[in-house]
Amino acid sequence: MPAEGRDLSSRQASKVARDGRLGNLTTPLSVQKLQTALHAKAKAQREFRFYALYDAVRRVYIKKPNGKLRPLGIPTLRDRVCQTAAMLVLEPIFEADLPPEQHAYRADTGALDAVRQVHRLINTGHREVVDADLSGHFDSIPHAELMQSVARRVYADDLVICCHRGAHEALAGMPSLIQRLKLTVNEDKTRLCRVPQDSFDILGYAFGRCYSPKTGRAYIGSKPSKKSVKRLIESIGTLTERRHFHHEATGLVAAINRKLTGWAKYFCLGPVRKAYSAIDAYTSRRLRQWLCGKHRHRGRGYPRYPAHYLYEQLSLVRLSMRTQGLPWAKA
């Protein structure tokens, strides 16, 4: 792709990178950083030709809980149209065979429905749990056998097995079943749990013993896992690093708000108030530090940037204010 042509002019590109906007849309910080780097390279070397930009618009890498990166392909509009057309035809065929305990890749159900189902099971006596994990499922799945399974109308990935009793037998028999699919059980992450003595995580939620903040009464429930909270905090920390001092505060807050609202939209089940309050405290502290660093002010910034400035003037999202309408938030 030539650096010069009918795309953004040099002045337009620098304006987009500086303002963080394209038309009436706010450009994500990661895209702004890429735009700035591309513009600087093109400005410094006019003969340079950008032949390898395809990866910048079709693939991103997201962090896994173990610190490794998972490649995520972004479909084009044409891909989406074809996928939707195929889904409209295939969905009713596969739906006829899928058991009620399978929630992935189905209409009108999803991860939160699976979380609710696990919650119901462990509260109706299914307290022996096989917490299972497959090693590199999407990296190692045999495609020939996968297509045969699709032909037979079968599909599976993340799972837990909730038992009244006999969890040892389920744990012992599972590897042979997984091996028949030419997949491997991750022995390090697969274990037997007995609730409420033990706890386990699935789909970002932690299941185990919880305590009522009002009465102190113990009960079995679910809440956002520590790993899920930690990943969001790390993400907020990255957005508020010193290298982003060149951005405007409104653009940074918009990026933070997208992270917060997206996270809270999924993590809305169970007693979430403690997690929300911890995230609010961290986010406000980091934003104050960022503002002080950007404007070269000393101190932590509490007098200069009080709560009403962050939440009213900059419109920072406050997760703890969202708990009033949540079904289990006050449990």
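Observations on the structure shown:
- At 1.002 mPa s and 20 °C, Stokes D of the range 240-328 from Kirkwood alpha-carbon radius, µm² per second: 156
- Alpha-carbon Debye profile of the range 181-276, log10 I(q)/I(0) at 0.10, 0.14, 0.19, 0.21 Å⁻¹: -0.42, -0.71, -0.97, -1.06
- Fraction of accessible area attributable to carbon and sulfur, the range 193-274 (%, probe 1.4 Å): 55
- Most to least packed among 216-222, 107-113 [average Cβ atoms within 10 Å]: 216-222, 107-113
- Based on protein heavy atoms only, the range 179-331 ends up with 58 Å² per residue of surface accessible to a 1.4 Å probe.
- Extension gain from Asp158 to Gln313, taking 0.36 nm per residue of separation minus the Cα-Cα distance: 51.5 nm
- In this rough spin-label picture, where each label sits 7 Å from Cα along the Cβ direction, the Arg80-Leu181 distance is 2.9 nm.
- Scoring 266-276, 30-40 by mean Cβ neighbours within 10 Å over their residues and listing the highest first yields 266-276, 30-40.
- For the range 66-134, average projected area of the Cα convex hull in nm²: 7.3
The values are calculated or read from the model by the stated rules, or taken from the named source; none is laboratory data. Since the structure is predicted, the reported quantities are computational estimates derived from the model, not experimental observations. Positions of Cβ are backbone-derived with ideal geometry, glycine not excepted, and every protein chain shown enters the neighbour counts. Ligands, DNA and RNA are stripped out before the accessible areas are found, and what is left, the full protein with its side chains, is counted by its heavy atoms. Shrake-Rupley method; radii C 1.70, N 1.55, O 1.52, S 1.80 Å.
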